[in-house]
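One structure is given below, encoded as structure tokens.
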Amino acid sequence: MPDPGRAGAADAALDVRGLSKSYGTRPALAEVDLRVEAGELVGLLGPNGAGKSTLTKVACGLVAPTSGGAQVCGWPAGAAPARRSLGYLAETFRFPGWATGNELLEFHQALAQSPGGDLERSEALEAVGLADAANVRVEAMSKGMQQRLGIAQALLGSPRLLLLDEPTSALDPAGRRVVRDLLERQRSRGVSVLLNSHLLSEVELVCDRVVILSGGRVVTQGRPSDLTRPRGVEVQTANGVRRFDAASREDAPRLVAELVSAGEAIYGVQVLTSTLEEVYLDAVEGAGP
């Protein structure tokens with residue numbers, strides 16, 4: 001256990017080192033290193049069975065590692081101070097249908113030992129766009145509303161780290177925007193987020209950095225802008241679109257000048273880069289089975 005005087009704001013929100021986990025003879029994670037700094041929003045990507053949920057559960061203290069380990073805000077994962085420092089939304093959850101939104105949050109406040117009271121519950125509901133649903137029973141809520149209620153419960157207790165497993169899977173575009181705005185507000189307050197998602201477009205919009213797992217290993221990581229690569233330049237002319245596959249952003253002014261000198265009318269220029277989806281597929285397919 002770390003020195004209580006050391007654990008605090010100077011520590012990473014999540015520090016995973018040499019983490020391995022096997023279920024019987026089946027390895028789920030193999031020597032994973034991952035760090036989430038204070039106020040950082042990290043997307044955790046990977047195919048089904050890559051180990052994303054296992055990593056999240058280890059960080060929550062729900063699953064014991066085979067070797068290596070994780071620390072939350074300087075404390076060993078699963079220790080009481082670590083649990084108090086995080087909010088968690090599981091990929092699969094079920095709330096009692098008879099409970100209202102307010103009752104559900106009150107119950108989770110008790111679990112989190114949060115003294116926030118009525119104000120914290122109303123602020124959490126408002127943050128996820130459910131301000132008018134405090135007295136609505138879970139069974140009367142749509143799947144998307146229940147998903148947002150799940151995010152609201154993860155906010156209780158003012159956690160320094162949010163572990164969110166597929167938080168937008170049941171949401172429509174408007175609901176996903178609500179969650180994006182929420183995550184950006186949390187980041188501005190210094191709260192860290194590890195976002196496990198299959199929605200690469202959402203991750204690309206909101207995350208500072210992405211970590212891609214495949215076969216239980218980290219196969220690539222970095223800022224989305226650093227992981228993409230040039231794919232040429234397209235110039236829209238009066239005679240159609242001209243594409244220059246070997247060109248880069250720096251070549252665009254020269255290409256336009258040459259086309260104009262040749263008598264072409266220019267209507268638009270687009271510098272092409274690979275998408276996060278292409279980066280993801282290259283990383284996962286390159287990792288092999």
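Couple of notes before you dig in:
Residues are listed down the side, and each one gets a yes or a no for (1) crowded, with 19+ Cβ neighbours inside 10 Å; (2) free of Cβ contacts under 8 Å to residues at least 24 places away in the same chain:
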site	(1), (2)
R94	no, yes
H108	yes, no
S142	no, yes
A154	yes, no
S158	no, no
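- Scan of segment 167-189 for residues that are under 15 Å from the mean Cα position of the chain (by Cα) and of a type in the set (S, T, Y), ordered by number: T168, S169
- Qualifying position, being of a type in the set (A, V, I, L, M, F, W, C), in contact (Cβ under 8 Å) with a residue 24 or more places away in the chain, in contact with a Pro (Cβ under 7 Å, 6 or more places away or on another chain) and over 30 Å from A133 (Cβ atoms), among L55, L19: L19
- Within segment 110-140, the residues that satisfy the criterion of being part of a loop (DSSP other than H, G, I, E, B) and either touching a residue at least 12 places away in the same chain (Cβ under 8 Å) or closer than 21 Å to C60 by Cβ (or both) are Q113, S114, G116, V128, G129, L130, A134, N135, V136.
- Answer from A140, A133 - the residue that is hydrophobic (A, V, I, L, M, F, W, C) and farther than 20 Å from P167 by Cβ: A140
- Residue count, segment 42-69 (criterion: in a strand (DSSP E or B) and surrounded by 24 or more Cβ atoms within 10 Å (Cβ to Cβ)): 3
- Taken over segment 277-288, the criterion of being more than 21 Å from G216 (Cβ to Cβ) and either surrounded by 15 or more Cβ atoms within 10 Å (Cβ to Cβ) or at pLDDT 85 or above (or both) is satisfied by E278 alone.
- Test set (1) assigned to a loop (DSSP other than H, G, I, E, B); (2) at negative phi - V271 fails condition number: (1)
- Per-region count, segment 175-192, residues assigned to a helix (DSSP H, G or I) and either of a type outside the set (V, I, T) or outside the structural domain of S142 (by TED's automatic domain parsing) (or both): 12
- Residue satisfying all of: in segment 222-265; in contact with a helix residue (DSSP H, G or I) (Cβ under 8 Å, 6 or more places away or on another chain) and not in a loop (DSSP other than H, G, I, E, B); modelled with the lowest pLDDT among these: P230
- Filter result (surrounded by 15 or more Cβ atoms within 10 Å (Cβ to Cβ) and among the acidic types (D, E)) within segment 224-272: E234, D251, E264
- Out of A170, A152, sole residue that is in the same structural domain as L194 (by TED's automatic domain parsing) and part of a helix (DSSP H, G or I): A152
The values are calculated or read from the model by the stated rules, or taken from the named source; none is laboratory data. Since we're looking at a predicted model, the values are computed, not measured. Methodologically, a virtual Cβ is constructed for each residue, glycine included, from the backbone with ideal geometry; neighbour enumeration extends over all protein chains shown.
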